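Visitor: Dropping a structure here in structure tokens format, bear with me for questions.
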Amino acid sequence: MEHRFKPTTHGRAILAACAALEKPLKLTRVSVGSGMVDEETNLADMHELIHYIAEGTIGDRRHEDDRLYLNVQYSNDADHADIKTFQLSEFIIYAENPVDGSEQDFIYATMGDYMQNIPQYRPGFAYGIWDFPITVIVSDEINVVVSTPSGLVRYDDLIQLLNSRASGAAKRLLTIPAAGWAADADTGGTYPLHLDIASAEITEDMIPMAAILPQSLPTAIACGLCPACRTLPGLLRFYTKRAPASDIQISLALLDTVPQGSNLASSAAAGRLDIEIPAEGWTDSGEGTYPYSTEIRHGRIDASMIPLLTILPEFLGTAVSSGMSPIAETLPGALRVYAREMPEAPIRASLALLNVASGITGSIKPDTGYVLPTATEYVLGGVKVQRGSGLTVDEEGNLSVDAANADDAANLFGSNAGNSVE
């Protein structure tokens, strides 16, 4: 079904009264809902939403000759934090009746098959704004002409597109070659060499996570391979203290993020912030392996998010000398980092913030299956009683010496032969 907009019978009466009394049209509010009308429904008879969800706003409003241009908007901002994800499929614009000042329905709109999926507001991410511009033509036959924005698509088409493009994270095996390393100027001499691996799929906003495969760990350690790599437009850059003696095999994960300052909603895998860990303002608890801590305030950080903190290569030396903890903690509006000592200088880092999927939260219990290890001279475990060894095991698992084979048992247990063992 196509999207349709139409003045209601009350709306037509309001327009007529405004013309007769020479009073301006006063639009009061707009409400959005998730109900669906039947194909044959006359929208002029729709005086309330089928399923009310929330209040929207009227943005731009202007008129030219016999045309009234309206821009209906809805935003999933903090004011709508309690509104769960829903499908916006209808809205009503209300106006003031100039005769008695009462508020009445003015225009009813149905989105038809072009319903819009509105995600719930998530702290830490930019909210989205949905615009629905319409044009009312006042003539001998009052009607509404739909002016559809280019971004308006059918809901089914949108879901199909998102499914085909979904790429929250990508994982692949990668070889870091031994040859091709060049002199580096990024890290200020901390890592004298870097190597770029080109790929059209890589963007600067991705968070790279490289895990060295076990067979390549000796080579990576020997050459001083930097534990952090960097994404650039179309490039993945690695750093090292010296060229490796042989190729290094890694498992690479690339995490899509929402760059800071973007106008995207929370549909991407994670948010990304460039942060600076200060050299001052640390608190000393005097306890634990990492007694020092400091908090970096930012309105987009929420306690429910999972932080992935990556120290930029040029600041790794400072981070290592201060004993920076690899684990950070998210708090309401802040990120808490820990260290053994206060850093000598500020440390810059890239922070990825992952939203928790509510469908998989909860406790993860380990497998209850247990395999008894085989006993050795130094390992406690299970043993087998061989036939003819002079030992027997009863139904309760008690091990004892068979008197008929006492000599064999004596050889096994020495002077303790004949005692039972549990």
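Visitor: How about residue 23: which lysines have a C-alpha closer than 30 Å to its C-alpha, ignoring those fewer than 8 places off in the same chain?
Guide: 6
Visitor: Taking 7 Å along the Cα-to-C-beta vector as the label spot, tell me the residue 64-residue 312 distance in nanometres, rounded to one decimal.
Guide: Taking the simple label geometry, residue 64 and residue 312 are separated by 4.7 nm.
Visitor: I would also like to ask the following. List, in order, the whole-Hz ³J(HN,Hα) value for each residue of segment 82-96 obtained from phi through the Karplus relation with A = 6.51, B = -1.76, C = 1.60 and θ = phi - 60°; use x for Gly and Pro.
Guide: 8, 8, 6, 4, 8, 9, 7, 10, 7, 7, 10, 9, 10, 9, 8
Visitor: Quick query: amide H of residue 203 versus all other amide H atoms, modeled in the peptide plane; which residues come in under 5 Å with a sequence gap of 5 or more or a different chain?
Guide: 234
Visitor: Leaving out same-chain residues fewer than 8 places away, which lysines sit with a Cα under 28 Å from that of residue 241?
Guide: Candidates past the 8-residue exclusion: 171.
Visitor: Looking at segment 24-119, which trypsin sites (Lys or Arg not before Pro) are DSSP coil and have at most 10 other C-beta atoms within 10 Å of their C-beta?
Guide: Passing both the DSSP loop test and the Cβ count: 84.
Visitor: Considering only DSSP states other than H, G, I, E and B, which GluC sites (Glu not before Pro) in segment 1-58 qualify as loop sites with at most 14 other Cβ atoms within 10 Å?
Guide: Hits after loop and neighbour filter: 2, 22, 39, 40, 48.
Visitor: Assuming R0 = 25 Å, can you tell me the calculated FRET efficiency for the pair residue 38 and residue 78, based on Cβ-Cβ distance, to the nearest 0.05?
Guide: Step by step, r from the Cβ atoms, then E = 0.10.
Visitor: Amide H of residue 87 versus every other amide H placed in the peptide plane: which residues, excluding those fewer than 5 positions away on the same chain, fall under 5 Å?
Guide: 118
Visitor: So if R0 is 25 Å, what FRET efficiency would residue 213 and residue 235 give, r being the distance between their Cβ atoms, rounded to the nearest 0.05?
Guide: The value I calculate is 0.70.
Every number here is computed from the coordinates shown, using simple stated rules; none is lab data. Fair warning: this is a prediction, and the values are worked out from it, not measured in the lab. Methodologically, a virtual Cβ is constructed for each residue, glycine included, from the backbone with ideal geometry; neighbour enumeration extends over all protein chains shown.
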